[in-house]
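Here is the structure we will look at, set down as structure tokens.
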């Protein structure tokens, strides 16, 4: 991946969008809202279901081991660590990559093949400001919102699973969560949500814009988006986790 | 307003344009200029390089060497995603490049809304008026619901909505085949008289070339072989 190319695309998109005329900003805003709706609102249900299931699975697996070693009270801490810090951001990133990342690279690639991007350029409309910026900004914000949804659904899934398994457990679970979720967990999840969204959307736009002539380049762009975005998110997750441990 | 007919400065100049792609020579030493109100037909076979030349003139593709001047400003850009001009030109591609998720009138209104900050309803009204002058009513259909000729007219309206000084039209045959050809030529004629619009149309047929151009340039194997009035 041309990392410098991606960074340059993001910087130029933002600078061209912010220096654009008021009329352009209105048009860009409309696309930004559409992108937020597609990535954030339309994916709420699938993220909520995935979050609930993941939360329930983690809680069930943990409760099959923790009580045996006398550490049932650690479930809240485990949920905070596994769901909020690590699993939530990664699972949401994978959903956004599969759903929005591929859609964006295919859409932009198809726009290039269909001559839409060339037509915009000839009219004096910057593809970076009009096409790239609203998608990057929309996905970054939507990924963060989805992450909040996922975390809430997962913690609720954990609550339901633990209350089904141990009858007196629900209150204890909630108290344990309250005690172990720290401010830094929330800051880390917000940071990861924004940055994963930024990474996914900028990689998708970059590969979409690299399509040149043939329609067969479009699925290749989607495939490169998926592979690169997954690796980039995992690498970034590792860096944040290192930083987290040292804090 | 300055009368464009008295202007002797070329709107567009192509100087020593060479284009090599994939080891193959596409264009060789292309040199010509376009004056205000001029109508030029660029005629050539399917593989003659006329579409590439139009894309270079439109600032959408960088030549291997050579310069393109629009109003004296060199506009050759090597930025594949940038905006080539500070002021708009009219460019209609062979595939028309209409936004598929917008209606015909929304496609035409977009430049007005984006670049001129025109209110959406006012921009749509201007778009519908121009479409009507070209013989198309409504404009609420999506590009996929239109015939190729109608799509060509919508793309032409979008290219003309900002009243550019030059129109570059790749394969206008498709719109000249439909019933609206006279209406289209009338609108182009009116813009020529009012704002000095120059037209460069690329086509394969000499009969179409005679309709759109008063000056015919022949492009064979990437070279400008003949330049006759």
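The values are calculated or read from the model by the stated rules, or taken from the named source; none is laboratory data. Computed from a predicted structure; not experimentally measured. Using ideal geometry, Cβ is built from the backbone for each residue, glycine included, and neighbour counts are taken over all protein chains shown.
Observations
- Residues satisfying the stated conditions in the stretch B:113-126, i.e. more than 8 Å from chain A (Cβ to nearest Cβ) and in a helix (DSSP H, G or I): B:120, B:121, B:122, B:123, B:124, B:125, B:126
- In the stretch B:102-131, the qualifying residues are those that are surrounded by fewer than 20 Cβ atoms within 10 Å (Cβ to Cβ) and in contact (Cβ under 8 Å) with a residue 40 or more places away in the chain, and the one that is nearest to residue B:152 (Cα to Cα) is B:102.
- Sole residue being more than 14 Å from chain B (Cβ to nearest Cβ) and either on the phi > 0 side of the Ramachandran plot or under 19 Å from the mean Cα position of the chain (by Cα) (or both), chosen from A:160, A:148: A:148
- Those residues of the stretch B:166-179 which are assigned to a loop (DSSP other than H, G, I, E, B) and buried (at least 21 other Cβ atoms within 10 Å of the Cβ), in sequence order: B:171, B:172
- Scan of the stretch B:90-101 for residues that are surrounded by fewer than 20 Cβ atoms within 10 Å (Cβ to Cβ) and either touching a strand residue (DSSP E or B) at 6+ places or on another chain (Cβ under 6 Å) or in the same structural domain as residue B:51 (by TED's automatic domain parsing) (or both), ordered by number: B:94
- Within the stretch B:190-225, the residues that satisfy the criterion of being in a strand (DSSP E or B) and over 19 Å from residue B:12 (Cα atoms) are B:203, B:220, B:225.
- Just one of the listed residues (B:83, B:75) is within 9 Å of chain A (Cβ to nearest Cβ), under 17 Å from the mean Cα position of the chain (by Cα) and surrounded by fewer than 23 Cβ atoms within 10 Å (Cβ to Cβ), and it is B:83.
- Selection of the stretch A:16-29 for residues being in contact with a helix residue (DSSP H, G or I) (Cβ under 9 Å, 6 or more places away or on another chain), without any contact (Cβ under 8 Å) to a residue 12 or more places away in the chain and assigned to a helix (DSSP H, G or I) yields A:18, A:23, A:25, A:26.
- Boolean, residue A:102 is modelled with pLDDT of 95 or more, part of a helix (DSSP H, G or I) and either surrounded by fewer than 22 Cβ atoms within 10 Å (Cβ to Cβ) or away from chain B (no Cβ under 14 Å) (or both): yes
- Residue A:220 being under 22 Å from residue A:118 (Cα atoms), at pLDDT 95 or above and over 19 Å from the mean Cα position of the chain (by Cα): yes
- As for the stretch A:35-46, it holds at least one residue that is within 14 Å of chain B (Cβ to nearest Cβ), under 25 Å from residue A:136 (Cα atoms) and touching a helix residue (DSSP H, G or I) at 6+ places or on another chain (Cβ under 7 Å).
- Residue match in the stretch A:57-70 (condition: part of a helix (DSSP H, G or I) and within 14 Å of chain B (Cβ to nearest Cβ)): no
- Conditions (1) part of a loop (DSSP other than H, G, I, E, B); (2) under 29 Å from residue A:15 (Cα atoms); (3) within 9 Å of chain A (Cβ to nearest Cβ); number of the one not met by residue B:95: (2)
- Any hit, the stretch A:55-75, residues being free of Cβ contacts under 8 Å to residues at least 24 places away in the same chain and on the phi > 0 side of the Ramachandran plot: yes
- Here is the figure for the stretch B:17-57: residues that are farther than 11 Å from residue B:200 by Cα and either without any contact (Cβ under 8 Å) to a residue 24 or more places away in the chain or within 14 Å of chain A (Cβ to nearest Cβ) (or both) total 10.
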